[in-house]
1. Checking the condition assigned to a helix (DSSP H, G or I), modelled with pLDDT of 95 or more and within 16 Å of the ligand (Cβ to nearest atom), which residue from 79, 48, 75 passes?
2. Say whether the condition of being within 16 Å of the ligand (Cβ to nearest atom), assigned to a loop (DSSP other than H, G, I, E, B) and either over 29 Å from residue 107 (Cβ atoms) or of a type outside the set (Ser, Thr, Tyr) (or both) is met by at least one residue in region 219-234.
3. Taking residue 11, is it at pLDDT below 95 and either more than 28 Å from residue 305 (Cα to Cα) or within 15 Å of the ligand (Cβ to nearest atom) (or both)?
4. If the Cβ limit is 6 Å and pairs must be 6+ apart or interchain, which residue in region 178-190 that is part of a helix (DSSP H, G or I) pairs with which residue that is hydrophobic (A, V, I, L, M, F, W, C) and buried (at least 19 other Cβ atoms within 10 Å of the Cβ)?
5. Do you know which residues across region 242-289 are within 16 Å of the ligand (Cβ to nearest atom) and hydroxyl-bearing (Ser, Thr, Tyr)?
6. Does residue 280 satisfy the condition of being of a type in the set (Asp, Glu), surrounded by fewer than 20 Cβ atoms within 10 Å (Cβ to Cβ) and either in contact (Cβ under 8 Å) with a residue 40 or more places away in the chain or in contact with a Cys (Cβ under 9 Å, 6 or more places away or on another chain) (or both)?
7. What number of residues within region 232-284 satisfy the criterion of being touching a strand residue (DSSP E or B) at 6+ places or on another chain (Cβ under 6 Å) and among the hydroxyl-bearing types (Ser, Thr, Tyr)?
8. In region 245-255, is there at least one residue being closer than 21 Å to residue 49 by Cβ, in contact (Cβ under 8 Å) with a residue 60 or more places away in the chain and crowded, with 19+ Cβ neighbours inside 10 Å?
Amino acid sequence: MKKIALEEHFSGPGFGKYMNVMKGLFEGEILASMEELLSDFDEQRLKAMDEAGIEVSVLSQTAPGLQAEADVVAAVQSARRCNDFLFEQIQRHPSRYRGFACLPMQDPVAAANELERCVRDYKFVGALVNGHTQGVYLDDRSFWPFWEKVQELDVPFYLHPMNPFDEPHVYSGRPELNGAVYSWTCETAAHALRLVFGGVFDDFPGLRVILGHMGEGLPFMLWRLDSRIKATPFAKALKRMPSEVIRRHFVVTTSGACADNPLLCTVSELGEDNVLFSVDYPYESSRIAAEFIENAPFSESIREKLCYKNAERVLRITL
Ligand code: MN
């Protein structure tokens, strides 16, 4: 079945230096092979897509990307260069690639302007940001002008994992817990919940946020989130229960998560219109991801939604 994949990464010129934070997270040879694949836009990437039946990949700068840049001016300039570079690559294979903008969240107004430029001039289909930027999370009030622009442009915003700002004590002495194994999931789910409890979706009801990795565990948590928040002093301030906000404003992808039971839970909790196939290339295998979704226990009409129809709707593209 044809597919659209939307957590598919590349690394642009000058972004290799940010990968230093990944060094401890990958075995050396694996990281080296990833770095090679991240800079390829031709044979290897297209071959992997063809073998998996992926007609279109939405490309994004790999983590941590600009979120690791401490200098605001450098971030603004690098975002522009990165997006120009991505547009050049897309133009070389216009039927196969789309883009998510790389944004300098260090300056929320500059990020809004860069997103507008990418959507207007380059027809990018949204933005992907790698978690907090230098410890600032996206429920910070300084981002309200940014969210206003995202809503106005009516494009989705992909919240991708990155390392926690500081290491929680529970991870100390256990480096196995870092990164994609575990800590990214908690970090990203907590970041998403900051948006929910921070009222971002109350003030910007048109926003749609994409989470990878089958929703970073949140679909499994919806009942408990509602049940337990009701028992806190914070419930009075909430306009809607967290489950309602998550079901309305979030869609999730299957990136890096190829198991039937979590998928059944995710589709059951969020609905068949809100789950989208993805790979997380090159960190995960396009072939394994494709075999998983082709064989998942769903009717063909639901499978079509998961493989490409939901993505067509969310990204406003047509295969
Ligand atoms: Mn990823």
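The values are calculated or read from the model by the stated rules, or taken from the named source; none is laboratory data. On a predicted model such as this, the values are computed, not experimentally measured, just so you know. Ideal geometry is used to build each Cβ from the backbone, glycine not excepted, and the neighbour counts take in all protein chains shown.
1. Values: 79 fails: within 16 Å of the ligand (Cβ to nearest atom); 75 fails: within 16 Å of the ligand (Cβ to nearest atom).
The match here is 48.
2. Restricting attention to region 219-234, the residues satisfying the condition of being within 16 Å of the ligand (Cβ to nearest atom) are none.
No.
3. Numbers: at pLDDT below 95: no; either more than 28 Å from residue 305 (Cα to Cα) or within 15 Å of the ligand (Cβ to nearest atom) (or both): yes.
Considered against the rule, which asks whether it is at pLDDT below 95 and either more than 28 Å from residue 305 (Cα to Cα) or within 15 Å of the ligand (Cβ to nearest atom) (or both), residue 11 comes out as no.
4. Hits for this filter: 189/218.
5. Keep residues of region 242-289 that are within 16 Å of the ligand (Cβ to nearest atom), which gives 251-258, 276-286, 288-289.
The answer is 253, 254, 255, 278, 281, 283, 285, 286.
6. Numbers: of a type in the set (Asp, Glu): yes; surrounded by fewer than 20 Cβ atoms within 10 Å (Cβ to Cβ): no; either in contact (Cβ under 8 Å) with a residue 40 or more places away in the chain or in contact with a Cys (Cβ under 9 Å, 6 or more places away or on another chain) (or both): yes.
Answer is no for this residue.
7. 5
8. yes
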